[in-house]
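Below are the structure tokens for one structure; questions will follow.
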Amino acid sequence: MSQGSVVNGTIYPAIKYWRYSDFMLMSGMATRDVRKETPEVIYELRVRAVELKLQGLTHETIANTLDISVAASRLWWRMYREDGKSGLALGRRGRPSGVCRKLTQSQEKIVIKTITDKTPEQLKLPFALWTRPVIRQFIQERFDIKLPVRTLGHYLKRWGFTPQRPKKVAYEQQPAAVREWIEEKYPEIMKRAKAEKADILWGDETGVSNQDHSGRGYAPKGKTPVVRGLARRVTTSMISAIGNRGDARFMIYKGGLKVDIFIKFLSRMIKGAKRKVYLIVDNLRVRKAKAVNGWLAERLDKIELFYLPPRVPKANATVRERPPTKVLKFSKEKGLLRPFPFDG
């Protein structure tokens, strides 16, 4: 072809290096790879090819017009004649879901149920939590199937499992007592509060430090942002009470919680309160001291204390579980967040 070539009556100039697409164009083949097109484009090509065929054009003409292969034009026309226009719709690409998996559906259900309902210790495995190597070992012992750890990660993702940090629950916690308190005693407290038009608050104490965690923020690459603060660590204590609507009251004090500090906090809570206070607290010994009970007995018309079951960290509303951001925002806007003066 150095002096030029004639193919199908067409004269082509001399070209030193020929590309595959050049031969395809000369031979009437398509230069477009339809497989790389989007499903929308492929469907439009199918519909257009059928429309041109209905107008009486040959498959060769349709192929040259749409830059597709003649075989594709014939295939789409046959699909149209067999199933109509609905036959031109594209199915899901790729291999069917579930093929080439080592675990069958029934085996997957067994694994999902096992790691959901049981712990490795219950199956006599020397581990506390389900990790990918542990699940891999369980599958190998149960079904005699070896799975790579990475592949097992894909299985877990498809099953809806994510890596999570476990919650710590005290061994001393009594689930039956907790359930009884939630299902019976607390509804009774709510019923009484509604009858007496009282406010229910949840009280507890915690430590406060100036060493906060600043978190992450955006900055130019290589220029780490600087947050200035005190190098000296300062700690203090705080006792607080938060309501179901987010209304919070707190008092700062130094050292551990003592009877006189707790009584002072209670007296400040009822000072200026328009409604009776139902305060729910844990079983700290200070809260059940004789001095506290005597002080409460003289003010039953203003405040009452209710005690949680032993070891109930989930119900510790002011320390263990931070109130939602929306609740705090609502409290600030409505003026419900009312601190007491610092108590030295």
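For (1) at pLDDT 90 or above; (2) in a loop (DSSP other than H, G, I, E, B); (3) touching a Lys or Arg at 6+ places or on another chain (Cβ under 6 Å), each residue gets a yes or a no:
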site	(1), (2), (3)
LYS16	no, yes, no
ASP22	no, no, no
LEU25	no, no, no
ILE42	no, no, no
TRP77	yes, no, yes
GLU108	yes, no, no
THR114	yes, no, no
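What do you reckon, is LEU52 surrounded by 14 or more Cβ atoms within 10 Å (Cβ to Cβ), at pLDDT 90 or above and in a loop (DSSP other than H, G, I, E, B)?
no
While we're on this one: For GLU172, indicate whether it is at pLDDT below 90, exposed (fewer than 13 other Cβ atoms within 10 Å of the Cβ), assigned to a loop (DSSP other than H, G, I, E, B) and among the acidic types (Asp, Glu).
yes
What number of residues within the range 116-156 are hydroxyl-bearing (Ser, Thr, Tyr) and part of a helix (DSSP H, G or I)?
So the answer is 3.
Turning to a different aspect of this structure: Out of the residues in the range 215-273 meeting the condition of being touching a strand residue (DSSP E or B) at 6+ places or on another chain (Cβ under 7 Å), among the β-branched types (Val, Ile, Thr) and in a helix (DSSP H, G or I), tell me which one is surrounded by the fewest Cβ atoms within 10 Å (Cβ to Cβ).
ILE270
In this structure, is LEU305 exposed (fewer than 13 other Cβ atoms within 10 Å of the Cβ), at pLDDT 50 or above and either aliphatic (A, V, I, L, M) or assigned to a helix (DSSP H, G or I) (or both)?
no
Given the options LYS191, LYS109, name the one that is in the same structural domain as ARG268 (by TED's automatic domain parsing) and either surrounded by 10 or more Cβ atoms within 10 Å (Cβ to Cβ) or closer than 30 Å to TYR278 by Cα (or both).
The match here is LYS191.
The values are calculated or read from the model by the stated rules, or taken from the named source; none is laboratory data. All values derive from a computational prediction rather than experimental measurement. Every residue, glycine among them, receives a Cβ derived from its backbone with ideal geometry; neighbour counts consider all protein chains shown.
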